[in-house]
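Here the structure is laid out as structure tokens; the discussion comes afterwards.
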Amino acid sequence: TVYENAELASRQVARRIAELIKKKQAHSEKTVLGLATGSTPIRMYAELVRLHREEGLNFRDVITFNLDEYYPMRPTAPQSYVTFMNEHLFDHIDIDPNNINIPNGTLAQEEIPAFCLAYERKIEELGGLDLQILGIGRTGHIGFNEPGSAPNSGTRLVTLDDLTRWDAARDFGGKENVPTKAITMGIGTIFKAREIILMAWNGKKAPIVKKAVEGEMSGEVPATYLQLSDNVEFILDQDAAADL
Ligand code: GLP
């Protein structure tokens with residue numbers, strides 16, 4: 001779906017999330033959301049905060065799982081995805097902190113496999129993700145599933161692509177300060193969500209959006225695996241959709 005601009009598109013996605021939460025609340029059910037970071041979802045989170053403040057949307061029975069976190073990463077560091085989520089969403093809504101799940105960037109490396117299995121199991125025990133929100137990196141990554149990721153991959157420690165580290169360089173004051181690794185949900189984890197929304201804005205994303213939607217499916221562009229799913233919607237602004 002192509003919107004005139006990112007603002008309108010973001011509001012629409014936020015409204016859909018709000019509807020999902022309210023529908024589940026009406027049946028006394030919890031909503032399990034998969035969330036993303038990056039510049040793309042910022043306006044969508046702002047709209048969710050507005051809906052909470054002005055229209056009474058509550059997050060008391062919402063459980064969230066973030067896609068990824070840099071490794072190693074202290075949660076209190078300004079570049080951590082914990083800080084990002086607090087600043088853009090969690091500090092401004094009534095979510096129970098116990099219902100927030102973000103990969104732990106402070107573990108010792110040998111603790112990571114067990115942590116990742118537990119992350120997967122926790123999602124499963126809650127009945128799976130109702131909705132997964134995605135952005136897309138210029139390498140075609142979703143979460144931090146870089147080129148070479150398998151379609152059935154689970155949550156795991158990965159090595160970041162060089163281009164991804166260049167794109168993050170500004171946040172870290174230079175590429176050399178960007179962590180070389182991350183913990184990310186896998187493509188298989190993402191695929192199990194009942195609904196997937198990938199958002200992309202601006203012309204810089206147009207070439208990778210074209211590859212993801214129209215390109216041949218390949219591990220070289222992990223987002224092409226989304227072509228396998230019937231439950232995926234790309235929400236784009238006109239500039240990101242320009243090459244389609
Ligand atoms: C990071 C995140 C991804 C995100 C991507 C795009 O790599 N791990 O989940 O999709 O950035 O970032 P942006 O939205 O800033 O373009």
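The values are calculated or read from the model by the stated rules, or taken from the named source; none is laboratory data. What you are looking at is a predicted structure, and each value in this text was computed from that prediction instead of being measured. Note: ideal-geometry Cβ built from the backbone for every residue, glycine included; neighbour counts use all protein chains shown.
Consider Ala168 carefully, then state whether it is in contact with a Gly (Cβ under 8 Å, 6 or more places away or on another chain), at negative phi and surrounded by fewer than 21 Cβ atoms within 10 Å (Cβ to Cβ).
no
If you go through segment 66-120 and keep only what is more than 20 Å from Glu146 (Cβ to Cβ) and assigned to a strand (DSSP E or B), you end up with Ile100, Asn101. For segment 221-230, the candidate set comprises residues that are modelled with pLDDT under 95 and not in a helix (DSSP H, G or I); within that set, the residue that is surrounded by the fewest Cβ atoms within 10 Å (Cβ to Cβ) is Asp230.
Can you name every residue in segment 1-57 that is over 23 Å from Ile136 (Cα atoms), of a type outside the set (A, V, I, L, M) and assigned to a helix (DSSP H, G or I)? Glu19, Lys22, Lys23, Lys24, Gln25, Arg50, His52, Arg53, Glu54, Glu55 - these are the residues of segment 1-57 that are over 23 Å from Ile136 (Cα atoms), of a type outside the set (A, V, I, L, M) and assigned to a helix (DSSP H, G or I). Summed over segment 190-206, the residues that are surrounded by fewer than 21 Cβ atoms within 10 Å (Cβ to Cβ) and within 13 Å of the ligand (Cβ to nearest atom) give a count of 4. Condition (residue is within 12 Å of the ligand (Cβ to nearest atom) and either in contact (Cβ under 8 Å) with a residue 60 or more places away in the chain or not acidic (Asp, Glu) (or both)) applied to segment 58-67: is it met by at least one residue? Within segment 58-67, one or more residues are within 12 Å of the ligand (Cβ to nearest atom) and either in contact (Cβ under 8 Å) with a residue 60 or more places away in the chain or not acidic (Asp, Glu) (or both). Of the residues Gly128, Gly188, the single one that is on the phi > 0 side of the Ramachandran plot, modelled with pLDDT of 95 or more, of a type in the set (Gly, Ala, Ser) and over 13 Å from the mean Cα position of the chain (by Cα) is Gly128.
Ile112 meets each of the listed conditions (1) within 16 Å of the ligand (Cβ to nearest atom); (2) farther than 18 Å from Ser39 by Cβ apart from (1).
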